[in-house]
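J.: This structure is in structure tokens; I'll ask about it shortly.
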Amino acid sequence: MNIKIEIHYKADCRSVQNNSLPLKGRKPEQIALQWWKQIKKEMSHRAELVKELENEEIKRIMNDDLPF
């Protein structure tokens, strides 16, 4: 038996991913959690790039000659 999972999330824009996964004696919640962890892992590279850009911007702002 398979379980159909649909996850709505907001990353670059609103996104939806869906999948049909076999239960294989597991609870649907376990499968959903495992799949969600996989999505987060795949998207973590993008998050790192965003953090790097944010840090660069903060450094640029802090290095400006502020009048106060």
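J.: Of the peptides 31-39, 17-25, how do they stack up when ordered by the mean number of other Cβ atoms within 10 Å, highest first?
T.: Details: 31-39: 13.6, 17-25: 10.7.
Final packing ranking: 31-39, 17-25.
J.: Please give the helix 28-63 orientation as an angle from the longest Cα principal axis of the chain, in degrees from 0 to 90, rounded to the nearest 10.
T.: Approximately 10 degrees, to the nearest 10.
J.: Using alpha-carbon pairs under 8 Å, 6+ residues apart, how would you state the relative contact order of the chain in percent?
T.: Once divided by the residue count of the chain, the mean separation gives 22 percent.
J.: Considering the alpha-carbon set of the chain alone, what are its Rg and its Dmax in angstrom?
T.: 19.4, 67
Bear in mind these aren't lab numbers, they're just calculated from the coordinates by the rules spelled out. Only a predicted model underlies this, so the values are computations on that prediction, with no experimental measurement involved. FYI the Cβ positions are ideal-geometry reconstructions off the backbone, even for glycines, and counts take in every protein chain you see.
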